[in-house]
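Data first, discussion second: the structure below is written as structure tokens.
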Amino acid sequence: MATLDLDLFQCRTDNFGVLIHDPASGATASIDAPEEAPILDALARRGWTLTHIFTTHHHQDHVAANLALKDRFGATIIGPVHEADKIPGLDRKVGDGDQFDFAGHPVNVFETPGHTAGHICFFLPQDKLLFAADTLFALGCGRLFEGTPADMWASLRKLMSLPDDTAVYFGHEYTLTNARFSLTIDPANAALVQRVADIEALRASGGFTAPTTIGVERQTNPFLRPHDAGIRAHLGMQAATDDEVFAEIRKRKDHF
């Protein structure tokens, strides 16, 4: 099985666009479709033809170019069954536990409610790739527009069960703000302190912070660490449940 080629680029103000390409078959998928022009530019730059769109959730900044790209390329749009009526041009509905084939590469679907009620993530186990969109960010997680803290914590636990070396591509370049917030939650975490310094240098040079990995996030992302004794002590929540600690962290981020 050929290794997939990836292209990461900016869309809109702070969205990431991602193309995945199978060189053997020529199949090319866009992870969400935030904006037509940058996707067309990336396709032209690489000499690829779009065949699929993997849609994670219904927000406009993730589906805005669905119909234009489908009209131009005849691309097949695969997206969440529980948001099917909100996904423009949807061809195939998928839900939790489903698997489909992308040019010989298995793709597993996780339902990850929280940011939206029907949000899904796409995991390619053989390629060790996770497309987490607005569920899991570098040093963050999505804002809870349609779900509860308990919903999101359950969703994040699903993603945390993946191998540490899984590469995580996420929906937005929010990492610098997330990093500065993380230090207010987990200031004694030496790995986090070093990571924040690295992120500040990377962003100052214009570099992207995607992808991250599950292992790095488990070590440094406070939203994945409500069980951590240091975080609990810092928040004065030693006797709280993980759900309660997670909810407090999310509330603080909303007002950061």
- For the stretch 115-141 and the stretch 201-235, what is the separation of their Cα centres, given in Å? 15
- Item | Point-charge dipole on Cβ atoms (K/R +1, D/E -1) for the chain, about Cα centre, debye to 20 | 380
- Note on the structure: To the nearest 20 debye, the stretch 161-223 has a Cα-centred charge dipole, built from +1 on Lys and Arg Cβ and -1 on Asp and Glu Cβ, of 140
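For 94, 168, what ranking results if the residue with the fewest other Cβ atoms within 10 Å of its Cβ goes first? Working shown, then result.
Values: 94 22, 168 25.
Ascending Cβ contact count within 10 Å gives the list 94, 168.
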- Given 19, 123, 181, which one lies farthest toward the positive end of the charge dipole of the chain, if we put +1 on the Cβ of every Lys and Arg and -1 on the Cβ of every Asp and Glu? 181
- Given the rule -39500 (n - 2.57) for each run of at least 4 DSSP H residues, summed and divided by the residues of the chain, what is its mean residue ellipticity at 222 nm, to the nearest 500 deg cm²/dmol? -10000 deg cm²/dmol
- Message: Just to confirm the number: angle between the C-alpha axis of helix 190-204 and the first principal axis of the chain, 0 to 90 degrees, nearest 10?
- Response: 50
- Item | Placed amide H near residue 10: partners under 5 Å, 5+ positions off or other chain | 17
- Please name which of 132, 205, 87 has its Cα lying farthest along the dipole of the chain towards the positive end, using unit charges on Cβ (Lys, Arg +1; Asp, Glu -1) and the Cα centre as origin. 205
- Task: Provide the per-residue ³J(HN,Hα) series for the stretch 206-212, in order, calculated from phi with Karplus coefficients 6.51, -1.76, 1.60 and θ = phi - 60°, each as a whole number of Hz, with x at glycine and proline positions.
- Result: x, x, 7, 9, 8, x, 10
- Note on the structure: Once the in-chain neighbours fewer than 8 apart are removed, the lysines whose Cα is under 27 Å from residue 93 read 70, 128, 158
- Query: Taking amide hydrogens as modeled 1.01 Å from N in the peptide plane, which residues meet the under 5 Å criterion relative to residue 65, leaving out close sequence neighbours?
  - Reply: 33, 35
- Query: In sequence order, what are the phi-derived ³J(HN,Hα) couplings for the stretch 5-17 according to the Karplus relation 6.51 cos²θ - 1.76 cosθ + 1.60 with θ = phi - 60°, rounded to whole Hz, with x for glycine and proline?
  - Reply: 8, 10, 9, 10, 7, 8, 10, 6, 8, 9, 6, 8, x
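Would you please put 136-142, 247-253 in order of how densely packed they are, using the mean number of other Cβ atoms within 10 angstrom per residue and starting with the highest?
Final packing ranking: 136-142, 247-253.
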- If you place +1 on the Cβ of every Lys and Arg and -1 on the Cβ of every Asp and Glu, how big does the dipole about the Cα centre of the stretch 1-62 come out, in debye to the nearest 20? 140
- Query: From the phi of every residue in the stretch 132-140, what ³J(HN,Hα) in whole Hz does the Karplus formula 6.51 cos²θ - 1.76 cosθ + 1.60 yield, where θ is phi - 60° and glycine or proline is x?
  - Reply: 9, 6, 10, 8, 10, 10, 4, 6, x
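Bear in mind that the values in this text are calculations on the coordinates, not laboratory data. Model, not experiment: these values are computed from the prediction. We place every Cβ from the backbone using ideal geometry, glycine too, and count neighbours over all the protein chains shown.
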